[in-house]
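Q: Would you mind keeping the following structure in view while I ask a few things?
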Amino acid sequence: MIATRFMTRRSISFRTAAAILAGALAFAVALSDVVQAQQPAATAFPRVQLAAGRSTVLNVDFDITRVAITNPAIADAVVVSPREVLIDGKAQGTISLIIWGEGRRAQYDLTVDAPANELQQQLQALFPGEDIHVSQTEESITLYGRVSTNAVMMKAAEIAGKVSSKAKVTNLLQVPGEDDSQQVLLQVRFAEVNKKAVTEAGISLFTGITGYKDWIGRSTTQQFAAPQFDPEQLTFSDFLNLFVFNSKYNVGGLLRALQSRGMLQSLAEPNLIAYNGKEASFLAGGEIPVPVVQGSANASAVTIIYKEFGIRLAFTPTIAGDVIRLHVKPEVSSLDFANGVTVNGFRVPALQTRRSETDVELRNGQSFAIAGLLNNLTQSERNAVPGFASLPIIGNFFKSKSTSRQQTELMVLITPRLVKPLNPAEVPDLPINPAEFLPPRAAGATDAGSDAEPREGAARP
């Protein structure tokens, strides 16, 4: 009896649940019909399109009695003849235009586009048939669409860049066969050769501390070192190249005759990666501290700023299909202590700088070189003792000279390459040494020190 009641209650609950589910489904179907009835059907009305600030004339095949538009702020319609309506575009948007006649009615979708700016009109006039669109604000100009060649794409970007010096140009124009890579690897090689030649000649004559026949003397042009007379001795700071002294006559001489040649070659090979249209830079060198005096003469303070020097490269790539346009600025600078200045006890060297800036177009993997950056420096210094240097023959003993010649040549070789990131399946395996790092331990080895020798008869690894 209890089981029968239980089964009866259970069957009633199942029927109740089925009824509730059926009611929910019916309600959902009804709600869907209401929603679909409230949604507007896709319009099949004719479309009239014009730009803001422009006008067009619409012709109909019946006599017009009345016209109406849904938003007069977007466009205005005026009947100019029994079967013509003049439409003036005011602002961007889409509205409806309804025209009535005797027993007739026509409805149109009226679309007013944004006004065409002067840049787009100019590009359309210069490049007819090209699909070039312009989106312009006060701070940016964006070009988009498809063009036929790389030359059209680059010229359009140049024209857009001349419109405003403040607006940044973003070139999104596409060309046939364009590579989807947007990164450029720049392989750069700097080669510098420095040649130097030095020639020096001079002579200094002197007597010993007791002199020659009661005469004590010395001749020097002060260009090279000469002996100094102390109260009881001669002091030599440098014997130069040749030193002679006659102890009988107590007379000697110092001779400077030197020729030297040197050559220095430096090479740097930096690699840089930059995004399309973004600048990348490289510096191999250092920074020197430069004191800057601030304040008045009575109360001044010295602050330190740092000036960079060395090998520098800055470049901006622009990818145009399979062509890479590069704006390159290589620079090489070195410290020049000879032309430096001294400020408040600080010795600040000058900077010798060579730089160039150029634009070039290359294809992937092609190279170009910047050469001919020569720097020739010749420095000559001559000293003489007045009067004595003019004497014939012996006048050369009272002269000295120093000549230095230096020649530096710099060459820059640049190769751009388009790069793409590797997919996980394309990443190569790292080299792995299959050999074990340590040999296996011998059987029965103890944990005594690793430096302990195995007992006699024990297996060695």
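The values are calculated or read from the model by the stated rules, or taken from the named source; none is laboratory data. Worth saying up front: this structure is predicted, and the values here are computed from it rather than measured. All Cβ positions, even for glycine, are placed from backbone atoms using ideal geometry, and neighbour counts span all protein chains on display. Only protein heavy atoms, including side chains, enter the accessible area calculation; ligands, DNA and RNA are left aside. Shrake-Rupley method; radii C 1.70, N 1.55, O 1.52, S 1.80 Å.
Q: What is the gain in length, in nm to one decimal, between Gln183 and Ile98 on full extension, counting 0.36 nm per residue of separation less the C-alpha to C-alpha distance?
A: 25.2 nm
Q: Okay, moving on. Would you mind calculating the gained length between Ala369 and Arg83 on full extension (0.36 nm times residue separation, minus the Cα-Cα distance), in nm to one decimal?
A: Between Ala369 and Arg83, full extension yields 95.9 nm more.
Q: Same structure again: Label 7 Å along Cα→Cβ of Ile209; the range 239-254 residues with amide nitrogen under 20 Å?
A: 239, 244-254
Q: Share of the range 186-287's accessible area from carbon and sulfur, percent, 1.4 Å?
A: Here it works out to 51 percent.
Q: What FRET efficiency, computed as 1/(1 + (r/R0)^6) with R0 = 25 Å and r the Cβ-Cβ distance, is obtained for Gln406 and Leu283, rounded to the nearest 0.05?
A: 0.50
Q: Tell me the label-point distance for the pair Phe62, Gln265, using the 7 Å Cα-to-Cβ offset, in nm and rounded to one decimal.
A: About 9.3 nm, to one decimal.
Q: Could you run the Karplus curve 6.51 cos²θ - 1.76 cosθ + 1.60 with θ = phi - 60° over the range 392-406 and give me ³J(HN,Hα) per residue in whole Hz, x for Gly and Pro?
A: Rounded to whole hertz, the list is x, 6, 6, x, 5, 6, 10, 10, 8, 8, 9, 10, 10, 10, 9.
Q: Okay, next question. Which of the lysines could a cross-linker bridge to Lys278, judged by Cα under 24 Å and excluding same-chain residues fewer than eight apart?
A: In chain and number order, the partners are Lys155, Lys162, Lys166, Lys168, Lys329, Lys420.
Q: Percent relative contact order of the range 280-321, based on C-alpha pairs within less than 8 angstrom and at least six residues apart?
A: Relative contact order here is 48 percent.
Q: Additional query: When only the heavy atoms of the protein chains count and the probe is 1.4 Å, how do Ser237, Ser356, Ser380 rank by accessible area, highest first?
A: Ser237, Ser380, Ser356
Q: Then there's this: What does the highest-first list of 96-103, 194-201 look like by mean Cβ count within 10 Å?
A: Ranked by mean Cβ neighbours within 10 Å, highest first: 194-201, 96-103.
Q: Which sequence of Met263, Met411 reflects their accessible areas, 1.4 Å probe, from the largest down?
A: From most exposed to least exposed: Met263, Met411.
Q: OK, next. With a point put 7 Å past each Cα toward its Cβ, work out how far Ile393 is from Ser148 in nm, to one decimal.
A: 9.1 nm
Q: At what distance in nm do the modelled label points of Asn117 and Leu377 sit from each other, each positioned 7 Å from its Cα along Cα→Cβ?
A: Between Asn117 and Leu377, the label points sit 5.1 nm apart.
Q: Please find the FRET efficiency linking Lys168 to Val193, where r is the Cβ-Cβ separation and R0 is fixed at 41 Å, and quote it to the nearest 0.05.
A: 0.50
Q: Can you sort Lys307, Lys162, Lys329 by solvent-accessible area, 1.4 Å probe, largest first?
A: From most accessible down to least: Lys162, Lys307, Lys329.
Q: Using the Karplus equation 6.51 cos²θ - 1.76 cosθ + 1.60 (θ = phi - 60°), what ³J(HN,Hα) coupling, rounded to whole Hz, does each residue of the range 73-85 give in order, writing x for Gly and Pro?
A: 6, 8, 8, 10, 10, 10, 7, 9, 7, x, 10, 10, 10
Q: Using Stokes-Einstein with the Kirkwood hydrodynamic radius over Cα pairs, what translational diffusion coefficient do you get for the range 116-213 at 20 °C and a viscosity of 1.002 mPa s, in µm²/s rounded to a whole number?
A: 115 µm²/s
Q: May I ask you to compute the full-extension gain from Phe229 to Leu351, defined as 0.36 nm times their residue separation minus their alpha-carbon distance, rounded to one decimal in nm?
A: My answer for the length gained is 39.8 nm.
Q: Taking H placed 1.01 Å from N in the peptide plane, check which residues at least 5 places from Thr70 or on another chain put their amide H under 5 Å from its amide H.
A: Result for Thr70 returns Ser96.
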